[in-house]
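Peer 1: Before anything else, here's the structure in question.
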Amino acid sequence: MKKLISLAVAMVAAAGAMAQSKVYFTKEITPQSLVKIYKALGVEATGRVAVKISTGEAGGHNYLKPTLIKDLVDEVGGTIVECNTAYAGKRNSTEAHWQTIHDHGFDTIAAVDIMDEEGNLRIPVKDKKHIKYDIVGSHLPYYDFMINLAHFKGHAMGGFGGVLKNASIGVASADGKAYIHTAGKASKPAELWNNLPEQDHFLESMAAAAQAVHEFFGGRVLYINVMNNLSVDCDSDSDPDAPKMKDVGILASTDPVALDKACLDIVFNHKATAGDDNKPLIERINRQHGTHIVDYAEQIGLGSMKYQIVELER
């Protein structure tokens, strides 16, 4: 298994030989390796630090666990931040979301903030092709710095979820999630399902919203993808499909486009074997044209798809 992962990473590294953005990689998925890869980025998270994760839908089990992220949150003195969801479940109201946060143990390791508990805030977007602003939780200005800590996996609507989704849908309030999902047609969860746009318009809206959050912090954002529990389903699914592809490792960058692109390349270049099959995840990504988000994010200037893999074990 280790040889296969190394081969996939080597292929990705070769493709990025003329890279502009560094993407750090470690095969180890441990609390210590999360801290190690954060430090490798060479940018200190200072001030009031938000650590943006998904707290995971009740019933789900693939989300990043408190035991995995605790050391990193402690290292940066961070607050775990989230927003309510725009679909039926156990996180679509503040009361229910707090219960899920407690049941999953996040409030036992750090302070937690549901950023839209007290309402919304509109922040500007550079790319107004579909959305005219981004709707986030009103608590976002409480923070000076963000660590975007994402679980890389499949997603029913986006094809995959990584740091770009975590910055856009993840940071958006419940109203903002509806606004992005409908490519600017609606801004209330009740209006979401009757206003779904063309798929690429949704993906482009996510890219624009991710850029808005990056710009809101003046680039004071670090991006980390944990490639474990690689289900075709998102952590917002209460009954996700079992992962068919084995865990890969942790990747991190200051460039979210390069980071998500590197993770996609690892998935697509992976050599499937019995019990370690990347095909279901590739099919999910392709079904939703998921790779378009990185293409468009580069086009609007959020980052570069050209990168170089830096293996920490070396």
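Peer 1: In percent, how large is the relative contact order of the chain, given Cα pairs closer than 8 Å and 6 or more residues apart? Can you show the working numbers first?
Peer 2: Numbers: 722 pairs, mean separation 81.1, N = 314.
This gives 26 percent for the chain.
Peer 1: Another question, if that's okay. Check the straight Cα-Cα distances from LYS188 and name the aspartates and glutamates below 12 Å, setting aside those fewer than 8 residues away within the same chain.
Peer 2: Those aspartates and glutamates meeting the cut-off are ASP175.
Peer 1: As an exercise, take the mean of 1/r over every pair of distinct alpha carbons in the chain, invert it, and state the Kirkwood radius in angstroms.
Peer 2: Working: mean 1/r = 0.0526 Å⁻¹.
That comes to 19.0 Å for the chain.
Peer 1: Using 0.36 nm per residue, how much length does the chain from ARG287 to ASN194 gain when fully extended, once their Cα-Cα distance is taken away? If you can, show how the numbers build up before the last one.
Peer 2: Values: separation 93, 0.36 × 93 = 33.48 nm, distance 2.09 nm.
Stretched out fully, the ARG287 to ASN194 stretch lengthens by 31.4 nm.
Peer 1: Which three numbers, in whole Å and largest first, are the semi-axes of the equivalent ellipsoid of segment 150-261 derived from its Cα gyration tensor as √(5λ)?
Peer 2: On the way: eigenvalues 106, 74, 22 Å².
Gyration-tensor ellipsoid for segment 150-261: 23, 19, 10 Å.
Peer 1: Which of ILE114, PHE217, GLY249 sits farthest toward the positive end of the charge dipole of the chain, with +1 on the Cβ of Lys and Arg and -1 on the Cβ of Asp and Glu?
Peer 2: GLY249
Peer 1: Can you tell which of TYR143, GLY184, GLY303 lies farthest toward the positive end of the dipole of the chain, using +1 and -1 charges on the Cβ of basic and acidic side chains (Lys, Arg; Asp, Glu)?
Peer 2: The residue sitting most towards the positive pole is GLY303.
Peer 1: In Å and whole numbers, how far do the C-alpha atoms of segment 225-269 stretch along each principal axis, longest first?
Peer 2: In descending order, the Cα extents are 32, 22, 15 Å.
Peer 1: Filter LYS90/LYS271; LYS70/LYS90; LYS70/LYS185; LYS185/LYS246; LYS153/LYS185 down to the pairs with a C-alpha to C-alpha distance above 32 Å, please.
Peer 2: Working: LYS90/LYS271 37 Å; LYS70/LYS90 23 Å; LYS70/LYS185 38 Å; LYS185/LYS246 38 Å; LYS153/LYS185 27 Å.
As for pairs spanning more than 32 Å Cα to Cα, those are LYS90/LYS271; LYS70/LYS185; LYS185/LYS246.
Peer 1: Here is a further query. So for segment 131-227: antiparallel DSSP bridges make up what percent, rounded to the nearest 5? Walk me through the numbers before you get to the answer.
Peer 2: Values: 4 of 10 bridges.
Looking only at bridges with both residues in segment 131-227, the antiparallel portion is about 40 percent.
Peer 1: Give the distance, in whole Å, between the Cα centre of segment 198-250 and the Cα centre of segment 97-156.
Peer 2: Distance between centres, Cα-based: 13 Å.
Peer 1: Using each residue's phi in segment 25-36, evaluate 6.51 cos²θ - 1.76 cosθ + 1.60 at θ = phi - 60° and report the 3J(HN,Hα) Karplus result to the nearest Hz, with x for Gly and Pro.
Peer 2: My calculation for segment 25-36 gives 9, 9, 6, 6, 10, 9, x, 5, 6, 4, 5, 4 Hz in order.
Peer 1: Quick one: grab the alpha carbon gyration tensor of segment 251-292, order the square roots of its eigenvalues as a ≥ b ≥ c, and give me rounded if a/c is under 1.5, else prolate or oblate depending on whether a/b is larger than b/c. Walk me through the numbers on the way to the answer.
Peer 2: On the way: a/c = 3.43, a/b = 1.47, b/c = 2.34.
Because a/c hits 1.5 or more and a/b fails to exceed b/c, segment 251-292 counts as oblate.
Peer 1: Additional query: About its Cα centre, how strong a charge dipole does segment 28-171 have in debye, to the nearest 20, once Lys and Arg get +1 and Asp and Glu get -1 at the Cβ? The partial results should precede the final answer.
Peer 2: Working: 15 positive and 17 negative charges, 132 e Å.
Taking the Cα centre of segment 28-171 as origin, the dipole is about 640 debye.
Peer 1: For the chain, what proportion of DSSP beta bridges, expressed in % and rounded to the nearest 5, is antiparallel? Present the calculation step by step, with values, prior to reporting the outcome.
Peer 2: On the way: 18 of 39 bridges.
Once the DSSP bridges in the chain are tallied, antiparallel ones form about 45 percent.
Peer 1: HN-Hα J couplings of segment 220-227 from phi, Karplus 6.51/-1.76/1.60, θ = phi - 60°, integer Hz, Gly and Pro as x?
Peer 2: Values per residue, Gly and Pro as x: 7, 9, 10, 10, 9, 10, 9, 9 Hz.
Peer 1: Counting Lys and Arg as +1 and Asp and Glu as -1, each charge on the Cβ, what is the dipole of the chain about the Cα centre in debye, to the nearest 20? Spell out each step's value before the answer.
Peer 2: Working: 32 positive and 39 negative charges, 158 e Å.
Magnitude of the dipole: close to 760 debye.
Peer 1: Over 30 Å between Cα atoms, which of LYS39/LYS65; LYS52/LYS244; LYS128/LYS244; LYS39/LYS128 qualify? Please list the in-between numbers first.
Peer 2: Working: LYS39/LYS65 21 Å; LYS52/LYS244 26 Å; LYS128/LYS244 38 Å; LYS39/LYS128 35 Å.
Table pairs above 30 Å Cα-Cα are LYS128/LYS244; LYS39/LYS128.
Peer 1: With the radius of gyration and the Kirkwood radius both derived from the Cα set of segment 90-192, what is their ratio Rg to Rh? List each step's numbers first, then the result.
Peer 2: Working: Rg = 14.0 Å, Rh = 14.7 Å.
Value, to two decimals: 0.96.
Peer 1: Report ³J(HN,Hα) in whole Hz for each residue of segment 168-175, in order, from the Karplus equation J = 6.51 cos²θ - 1.76 cosθ + 1.60 where θ = phi - 60°; Gly and Pro get x.
Peer 2: Using θ = phi - 60°, the values come out as 9, 4, x, 7, 5, 5, 4, 5 Hz.
Peer 1: Modelled label-to-label distance, ASP103 and VAL43, 7 Å Cα→beta-carbon offset: nm?
Peer 2: Taking the two extended label points, one gets 3.6 nm.
Peer 1: Further question: Which stretch or stretches of segment 220-246 have amide N atoms under 15 Å from the point lying 7 Å from ALA272's Cα along the Cα→Cβ direction?
Peer 2: Counting backbone N atoms under 15 Å from the label point, the list is 231-232, 243-246.
All of the numbers you see were taken from the coordinates with simple rules; none came from a lab. This one's a predicted model, so the numbers in the text were calculated from it and none came from an experiment. Heads up, the Cβs are rebuilt from the backbone with ideal geometry, glycines too, and the neighbour counts pull from every protein chain shown.
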